[in-house]
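Presented below is the structure to which this report refers.
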């Protein structure tokens, strides 16, 4: 995968029993542990912690397993899996799988490169989104609170969230060297639901 050395790319699988294709929440972390399975476990624990993101997920959705790819210096990424699963605790059925809550990752770096995205599917009930795709103000507040709890839980679990940067191809065809990952200082939710066409059933 070519992840920055010392940084882990983590994938939390989400699966709805009525949808053939699973979804995923993806993020990068800067772990203390060098065991990718331990890293995956810590991120999973943060996700399902009290008042964290699990509280937003449809109770029909299975959360997990969680996979971590830990970047190493001059070698292939180390992969580890935390096999535990649980279900969401939102209770209400969520809107269809083609839509998701969009969380913006904030860092101290300025400009577009200082921000990233994270999607959370199956986490808003139909009654909390209007015809224009606007999420109700109370729901936005609740999502922001859960996202803040998740970020704090990652820090407590010694897997603080990071924002990875991609290579860019310049006009002359050369490839830029991506800067080092930045620490994520906050998560904010968009008040508009995000459309993910690739999540539509086929």
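Here is how the numbers come out for the structure above:
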| read-out | value |
| --- | --- |
| Extension gain from residue 117 to residue 89, taking 0.36 nm per residue of separation minus the Cα-Cα distance | 7.7 nm |
| Cβ-based exposure ranking for 30, 130, in which fewest neighbours within 10 Å come first | 130, 30 |
| Read-out volume of the Cα convex hull per residue in Å³, derived from the coordinates shown; its label in [x] 179; [y] 129; [z] 141 | [z] |
| Cβ-Cβ FRET estimate between residue 152 and residue 20, R0 fixed at 30 Å, reported to 0.05 | 0.30 |
| Net length gained if the chain between residue 106 and residue 137 were fully extended (0.36 nm per residue, minus Cα distance) | 9.1 nm |
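FYI, it's all coordinate maths here, none of it is from the lab. Small disclaimer: the values here were computed from a predicted structure and weren't measured. Ideal geometry is used to build each Cβ from the backbone, glycine not excepted, and the neighbour counts take in all protein chains shown.
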